Amino acid sequence: MAAHSDIVRQDLKTQRRLTLPSVAVIFLFGLVPLLIVMAYSFMKPAVYGGVEPELSLEAYVSFLFQRDLFDDTLVFSADYLLIFLRTALFAMVATLTCLLIGFPTAYYMATRPESQRNRWVLLITIPFWSNLLVRTIAILFIIRDDGPINAGLMALGIIDAPLPILFSNTAIVAGLFYSFLPFMILPIYSSIERFDFQLVEAGYDLYARRWQVLRHIILPIAKPGIITGSVLVFIPAFGAYVTPLILGGGNHMMIGDLIALQFRAARNWPLGAAFSMILMAFVLILLILQIRKNPREALHG
Amino acid sequence: MRQSVRQEAAQTGRGGALSVEAVTKWFGTYRALDAVSLEIRSNEFFTLLGPSGCGKTTLLRMIAGFESSSEGRILLDGNPISSLPPYERPINTVFQSYALFPHMTVAANVGFGLKMQGRAEAEIADTVREMLRLVQLDHLAERKVAQLSGGQQQRVALARALAPRPKVLLLDEPLSALDLKLRQAMQIELKRLQRELGISFVFVTHDQEEALTMSDRIAVMSEGRLLQVGSPEDIYERPVNRFVADFIGETNFIEGTLDKTGSVFTTRTGAKLRVGKQGDADAGEATLAIRPEQLHLVKSAKQNTLPGAIESVVYFGTDSHVYVRCDGGLNLVVREQNSRGGVSALREGQPIHVEVPADTSRILKG
Ligand SMILES: Nc1ncnc2c1ncn2[C@@H]1O[C@H](COP(=O)(O)OP(=O)(O)OP(=O)(O)O)[C@@H](O)[C@H]1O
Ligand SMILES: [Mg+2]
């Protein structure tokens, strides 16, 4: 007994030593930058970008308030908050659209013969072979005034003038939807792929109709995949920067653009850093709520 | 107070009668069922028996509504049901792999059918409680099904299929995943439930012993065709052909010819055996079939014996199987009661004679 537990302890020690390099990498490239951003958010902006090493809550205060130009009093201002809320709304609509399209797609894939499934997974991942910028510009070409959508609709005589899709909210949501759809499909697919389709038969046998089988049997079992997919789409959609920049034409700012703006044109690094921290905190709160609601199911695909 | 399920069933005797009329099923170019016709009576324990791949599951799935028939039709109490989807047939299935809903508790599984039928909450709760008591699982109602043993899952599957009170219950090898002890207990349990609830059971198995002990009637199938339908006694004592005789229990086959009178059988080695009058057997090439327990070992040759030598003796508790090599390469198995004595005195290679009683041997065509 004693010898055995000695070996186990020895094993654990070795394992811990073996994981050390990866822990170090995560610390260096994950945690340290985060700490730097956090530190910057509590400092004062320097004139030409960068920060003055001086403690200040100014950045956080200016998320909700504006200083009056003349008497320096704080006035509530919803400008940033609105951008923040709009971002949340866009991300939410994009996530729901992904779910609506992604679920039937994943279901279709999972019900193909086993030999064909890998082919489908491959097809779904093809967009990832090119980078996000390229894909976003491709979307731009598709939805612009003389792009195939408008050209097609006009050729069919459905519309007289091109629909102004580009540089609209619709364009941004469509871009987010397209960019992150695979993140929704793949986790759902993997949760349905292992699904025992005899359960569907058992459902029909026990007097359930089609939609009842979907609601009471398929959806609950696919739920972990749906949750994972939603989280995986919502988080990058929430922090998206390229998509609103290109498809929104700068008219419809999302939080990602706002952060970029502070670091570049506005040269207010602490404000940008503070926005980043607020964004992160928001996502973190959502995740914690999710995990507390579904302790075991959350984040398993 | 609601009537108990048992009383209600006993009063109405609701077990459905099924007619399967010339049902044929093609899978592409493969014919899984070939013009199968069956009558399953109300409140009957009916068993489909046959080797793997003979089409038992296919037939069951067609009765349940998961598979459509290529030709023929199925009627329940005289009404055609072939075009109804499964959820409109008052027929439930106990799946071989149980197919319990993993995300639900035991109680939710059992109540699922009732819920889908739109029954009232209180009625569902009552019935679930009663069903769980019936299968002796009332203490596990709130467990998730993954936390149950195989035998317990089996009972949940049974309770779930019985709860909506179907007219017919289909069971596809429900006991095959259980170990021997549990299987025997469940056999008795199933039989009891069927009698108490008054539901027609269609039971699929490839275990002939299970079929013999449980069934009111048995249908023996092979390669998509129905070979024989009858009581366990019919099937065991009066198999219609060599396949059935071979499949149900152990049988010795002796090749030879039957004379014109139909009462004398000549083996390949020329030995003459008197056989009981066979109604339907023709003269000519024939096979004599006889069960091991109907053969007897005798010390010296007399009428209706075949000479041979002991090859081996296998002890089986109450009886022993004695393997005898007869002349002409014929091997026979004789089952002797150990209580009769004398079996333990048998030695390998010892000359012996096997008596083939005329009244228990059967002549089969083919
Ligand atoms: N969906 C299908 N497509 C093609 N062939 C099938 C299909 N289902 C069954 N078969 C074939 O039909 C035949 C009968 O199958 P079935 O499952 O009814 O056999 P079974 O008697 O239940 O056998 P077992 O005892 O092994 O369960 C088999 O040869 C099987 O390969
Ligand atoms: Mg089968």
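Report, by residue number, each residue of the range B:215-266 that is away from ligand 2 (no atom under 16 Å from the Cβ) and among the polar types (S, T, N, Q).
B:215, B:228, B:231, B:241, B:251, B:252, B:257, B:261, B:263, B:266
Just one of (1) part of a helix (DSSP H, G or I); (2) over 29 Å from residue A:230 (Cα atoms) trips up residue A:66, so point out which.
(1)
Identify, by number, the condition in (1) away from ligand 2 (no atom under 16 Å from the Cβ); (2) outside any loop (DSSP other than H, G, I, E, B); (3) in contact (Cβ under 8 Å) with a residue 24 or more places away in the chain that residue B:48 doesn't meet.
Failed condition: (1).
Being out of contact with any helix residue (DSSP H, G or I) (no Cβ under 7 Å at 6 or more places or on another chain) and among the aliphatic types (A, V, I, L, M) narrows it down to one of B:137, B:180, so name that one.
B:180
Only one of (1) part of a loop (DSSP other than H, G, I, E, B); (2) touching a residue at least 60 places away in the same chain (Cβ under 8 Å) fails for residue B:333. Which number is that?
Of everything listed in (1) part of a loop (DSSP other than H, G, I, E, B); (2) touching a residue at least 60 places away in the same chain (Cβ under 8 Å), residue B:333 misses just condition (1).
Run down B:141, B:161 and say which single residue is without any contact (Cβ under 8 Å) to a residue 40 or more places away in the chain and either buried (at least 16 other Cβ atoms within 10 Å of the Cβ) or over 13 Å from residue A:205 (Cα atoms) (or both).
That would be B:141, the only listed residue that is without any contact (Cβ under 8 Å) to a residue 40 or more places away in the chain and either buried (at least 16 other Cβ atoms within 10 Å of the Cβ) or over 13 Å from residue A:205 (Cα atoms) (or both).
Yes/no per residue for (1) touching a residue at least 40 places away in the same chain (Cβ under 8 Å); (2) surrounded by fewer than 13 Cβ atoms within 10 Å (Cβ to Cβ):
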position	(1), (2)
A:14	no, yes
A:17	no, yes
A:22	no, yes
A:29	no, yes
A:40	yes, no
A:44	yes, no
A:66	no, no
A:87	yes, no
A:100	no, yes
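Which residues, taken from the range B:74-108, are among the aliphatic types (A, V, I, L, M) and away from ligand 2 (no atom under 16 Å from the Cβ)?
The answer is B:74, B:75, B:76, B:81, B:84, B:91, B:100, B:104, B:106, B:107, B:108.
Suppose the filter is under 30 Å from residue B:229 (Cβ atoms) and either within 16 Å of ligand 2 (Cβ to nearest atom) or surrounded by 17 or more Cβ atoms within 10 Å (Cβ to Cβ) (or both); does residue B:41 pass it?
no
Just checking, which of A:132, A:153, A:122 is under 22 Å from residue A:237 (Cα atoms), of a type in the set (A, V, I, L, M) and more than 14 Å from chain B (Cβ to nearest Cβ)?
A:132
Scan the range B:258-294 for residues that are at pLDDT 85 or above and assigned to a strand (DSSP E or B) and report the count.
14
From the set of residues in the range B:60-77 that are touching a residue at least 60 places away in the same chain (Cβ under 8 Å) and not in a strand (DSSP E or B), which is nearest to the other protein chains (Cβ to nearest Cβ)?
Among those residues, the one meeting the criterion is B:64.
Hey, could you check the range A:20-63 for residues that are within 14 Å of residue A:277 (Cα to Cα) and not in a helix (DSSP H, G or I) and say which is nearest to the chain's Cα centre (by Cα)?
A:42
Being surrounded by fewer than 17 Cβ atoms within 10 Å (Cβ to Cβ) and at the interface with another protein chain (Cβ under 7 Å from one of its Cβ atoms) is the filter here, so list the residues in the range A:199-225 that pass it.
Within the range A:199-225, A:209, A:220 qualify.
At least 2 residues that are under 23 Å from residue A:97 (Cα atoms) and out of contact with any strand residue (DSSP E or B) (no Cβ under 7 Å at 6 or more places or on another chain) in each: list the helices (runs of 4 or more DSSP H) lying fully within the range A:116-219 that qualify.
A:132-143, A:148-155, A:169-193, A:210-213
Being small (Gly, Ala, Ser) and surrounded by fewer than 13 Cβ atoms within 10 Å (Cβ to Cβ) is the filter here, so list the residues in the range A:68-85 that pass it.
A:78, the sole residue that qualifies.
Residue by residue, here is whether (1) within 16 Å of ligand 1 (Cβ to nearest atom); (2) of a type in the set (Ser, Thr, Tyr); (3) in contact with a Leu (Cβ under 8 Å, 6 or more places away or on another chain); (4) in the same structural domain as residue B:52 (by TED's automatic domain parsing) holds:
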{"position": "B:174", "(1), (2), (3), (4)": "yes, no, yes, yes"}
{"position": "B:181", "(1), (2), (3), (4)": "no, no, no, yes"}
{"position": "B:185", "(1), (2), (3), (4)": "no, no, no, yes"}
{"position": "B:197", "(1), (2), (3), (4)": "no, no, yes, yes"}
{"position": "B:205", "(1), (2), (3), (4)": "yes, yes, yes, yes"}
{"position": "B:224", "(1), (2), (3), (4)": "yes, no, yes, yes"}
{"position": "B:227", "(1), (2), (3), (4)": "yes, no, no, yes"}
{"position": "B:242", "(1), (2), (3), (4)": "no, no, yes, no"}
{"position": "B:247", "(1), (2), (3), (4)": "yes, no, yes, no"}
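Which members of the range B:78-118 meet the condition of being small (Gly, Ala, Ser), touching a residue at least 12 places away in the same chain (Cβ under 8 Å) and either crowded, with 19+ Cβ neighbours inside 10 Å or in a helix (DSSP H, G or I) (or both)?
Passing the criteria: B:99, B:107, B:111, B:113.
For the range A:191-207, state whether one or more residues are touching a residue at least 24 places away in the same chain (Cβ under 8 Å) and more than 30 Å from residue B:119 (Cβ to Cβ).
Taking every residue of the range A:191-207 in turn, at least one turns out to be touching a residue at least 24 places away in the same chain (Cβ under 8 Å) and more than 30 Å from residue B:119 (Cβ to Cβ).
Which fully enclosed helices (runs of 4 or more DSSP H) of the range B:150-239 have 3 or more residues being over 17 Å from the mean Cα position of the chain (by Cα)?
Where helices (runs of 4 or more DSSP H) fall fully within the range B:150-239 and carry at least 3 residues being over 17 Å from the mean Cα position of the chain (by Cα), they are B:150-162, B:180-197.
Report whether or not residue B:244 is at pLDDT 90 or above and either in contact with a His (Cβ under 6 Å, 6 or more places away or on another chain) or part of a strand (DSSP E or B) (or both).
It is false that residue B:244 is at pLDDT 90 or above and either in contact with a His (Cβ under 6 Å, 6 or more places away or on another chain) or part of a strand (DSSP E or B) (or both).
Regarding residue B:292, is this residue farther than 29 Å from residue B:220 by Cα and not assigned by TED's automatic domain parsing to the domain that holds residue B:208?
no
The values are calculated or read from the model by the stated rules, or taken from the named source; none is laboratory data. Being a predicted model, the structure only gives us computed values, none of them experimental. Positions of Cβ are backbone-derived with ideal geometry, glycine not excepted, and every protein chain shown enters the neighbour counts.
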